1. Is there a residue being over 30 Å from residue A:27 (Cβ atoms), in contact with a Phe, Trp or Tyr (Cβ under 8 Å, 6 or more places away or on another chain) and surrounded by fewer than 14 Cβ atoms within 10 Å (Cβ to Cβ) anywhere in the stretch A:179-201?
2. Is it fair to say residue B:7 is open to solvent by less than 20 Å² (accessible area, probe 1.4 Å) and charged (D, E, K, R)?
3. Would it be correct to say that residue A:59 is open to solvent by less than 60 Å² (accessible area, probe 1.4 Å) and either over 24 Å from the mean Cα position of the chain (by Cα) or closer than 29 Å to residue A:139 by Cα (or both)?
4. Could you list, in sequence order, the residues of the stretch A:92-103 that are within 14 Å of chain B (Cβ to nearest Cβ) and more than 10 Å from residue A:132 (Cβ to Cβ)?
5. Sort out which residues of the stretch A:174-183 are assigned to a helix (DSSP H, G or I) and under 12 Å from residue A:224 (Cα atoms), and write them in order of number.
6. Which residues, taken from the stretch B:67-91, are away from chain A (no Cβ under 14 Å) and out of contact with any strand residue (DSSP E or B) (no Cβ under 7 Å at 6 or more places or on another chain)?
7. Across the stretch A:27-49, what is the total count of residues that are open to solvent by less than 10 Å² (accessible area, probe 1.4 Å) and either over 24 Å from residue A:74 (Cβ atoms) or touching a strand residue (DSSP E or B) at 6+ places or on another chain (Cβ under 8 Å) (or both)?
8. Do you know which residues across the stretch A:138-161 are more than 9 Å from chain B (Cβ to nearest Cβ) and under 18 Å from residue A:25 (Cβ atoms)?
There are 2 protein chains.
Amino acid sequence: MFPQSVRIILVEPEFAGNIGAAARAMKTMGLSRLWLVAPQCDPKSEEALRMAHNAEEILEQARVAQTLAEALAGTGFSVATSQRLRRQDVPFYTPEEAAEMVLERAAEHEVALVFGRESSGLTNHELALCSALSMAPSATKLPSLNLAQAVMVYSYVLYQASLRPEDRHFQWQLAAHEELEQFYAHLAQSLTDMGAHPATTMEAYIDKFRRIFSRIPLESRDVNLLHKLLEEAVRDA
Amino acid sequence: MFPQSVRIILVEPEFAGNIGAAARAMKTMGLSRLWLVAPQCDPKSEEALRMAHNAEEILEQARVAQTLAEALAGTGFSVATSQRLRRQDVPFYTPEEAAEMVLERAAEHEVALVFGRESSGLTNHELALCSALSMAPSATKLPSLNLAQAVMVYSYVLYQASLRPEDRHFQWQLAAHEELEQFYAHLAQSLTDMGAHPATTMEAYIDKFRRIFSRIPLESRDVNLLHKLLEEAVRDA
């Protein structure tokens, strides 16, 4: 539901390829509403469509405004992104913090993420027009993410933040304790069948293998495969 | 320290622009060691250098290998990335989970993040060569991030995970309680100077303004600016 409330606004984008790549990043991350403020290139050019890949409809439906103020009309909250620390004295939120705010406010009204020109970013007044400022942490001092990369990072972080906690992590279908015990029993029997002679007892020998296998998150199908390995080994013995 | 232990491996990249954009993403996020397995294009072409922006040295120093196995030699842990759910039955970690594992293992030995071909990703055997698999969550079913975008997402998430917790959030320099109280006292005095007639008491009137200003994280400089506003207003009165 939230994506319909989120506008991605590109202010005076200069390269059509970046608009296309931004559209692709948006679509992958569930966003669809692209606004272009006085684009300096053709957002439906061949280059834009090529970079958009399967997201051409986002380019087709992009809204064009003449000023940032016009593109912000109707929104209740907006985040200006910047890769340039123009002023050290202004609070810049991280993308993760901005995403939390955007999601919270998107439940109330329309919201916007605003990206500046490739060559010069947003003006100080454009930054001031927005409700909050954000900057992605970076290992370099100079501005270094390009426009499409910045849209990628923010779209990704926003989508991540919108997922339910259980969808943010892989859900293992881990094998139960008994399944593992059956495997260790099978391993002991197989070693006996193979004619193994443990230095002390078979139980102590198996305990050494337990140290390896207990370190692995094993799913039921993994345990089944290990059973198969033992069957192969015994058949071969 | 960790970035020297992380290899970004691109398997048979087809478009030079993607190699350049990947280098730019790497540099911004503090990574520098690029490996190319049998590149299908010129990684030092004009297009690659243009997209690399300030990261040309990563292209210059990129290592070339003939096979993924060769590029993995010397690593102790590797994550294969995929945007294609080839097999639903294999555990795929999220980029965040993969980043935690990569960082933990990078303290022990060299590690690698592996990205496949633009057209067809990694083969099943290439996926199997790596220690773990990862996929970025996506709102679309079809593969949709391009190669450079995938490198951007993983590099960003890895850099984010490498930051100390206090560096992951904006550090407010919030004004102390006394500073705010001084402002409210100044506000009461200014309203009196302006000839205000509160409906009940001045204290109750000020309490209404408290409801607004207490909702804002105010830094000392913000409070100073509000003092200035009162001075301007009284001068004008």
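1. yes
2. Working: open to solvent by less than 20 Å² (accessible area, probe 1.4 Å): yes; charged (D, E, K, R): yes.
Judged against the criteria, residue B:7 is a match.
3. Values: open to solvent by less than 60 Å² (accessible area, probe 1.4 Å): yes; either over 24 Å from the mean Cα position of the chain (by Cα) or closer than 29 Å to residue A:139 by Cα (or both): no.
In short, no.
4. First, the residues of the stretch A:92-103 that are within 14 Å of chain B (Cβ to nearest Cβ): A:92-101.
A:94, A:95, A:96, A:99, A:100 - these are the residues of the stretch A:92-103 that are within 14 Å of chain B (Cβ to nearest Cβ) and more than 10 Å from residue A:132 (Cβ to Cβ).
5. Our first condition is that a residue be assigned to a helix (DSSP H, G or I); within the stretch A:174-183, this holds for A:177-183.
Hits for the stretch A:174-183 are A:179, A:180, A:182, A:183.
6. B:69, B:70, B:73, B:86
7. So in the stretch A:27-49, the residues open to solvent by less than 10 Å² (accessible area, probe 1.4 Å) come out as A:28-29, A:31, A:34, A:36-37, A:48.
From what's left, either over 24 Å from residue A:74 (Cβ atoms) or touching a strand residue (DSSP E or B) at 6+ places or on another chain (Cβ under 8 Å) (or both): A:28, A:31, A:34, A:36-37, A:48.
The total comes to 6.
8. Residues satisfying the conditions are A:147, A:150, A:151, A:154, A:155, A:158, A:161.
The values are calculated or read from the model by the stated rules, or taken from the named source; none is laboratory data. For clarity, every value in this text was computed on a predicted model and none was experimentally measured. Counting neighbours? That spans all protein chains shown, and the Cβs are built from the backbone with ideal geometry, glycine included. Heads up: the accessible areas ignore ligands, DNA and RNA and are worked out on the full protein's heavy atoms, side chains in. Shrake-Rupley method; radii C 1.70, N 1.55, O 1.52, S 1.80 Å.
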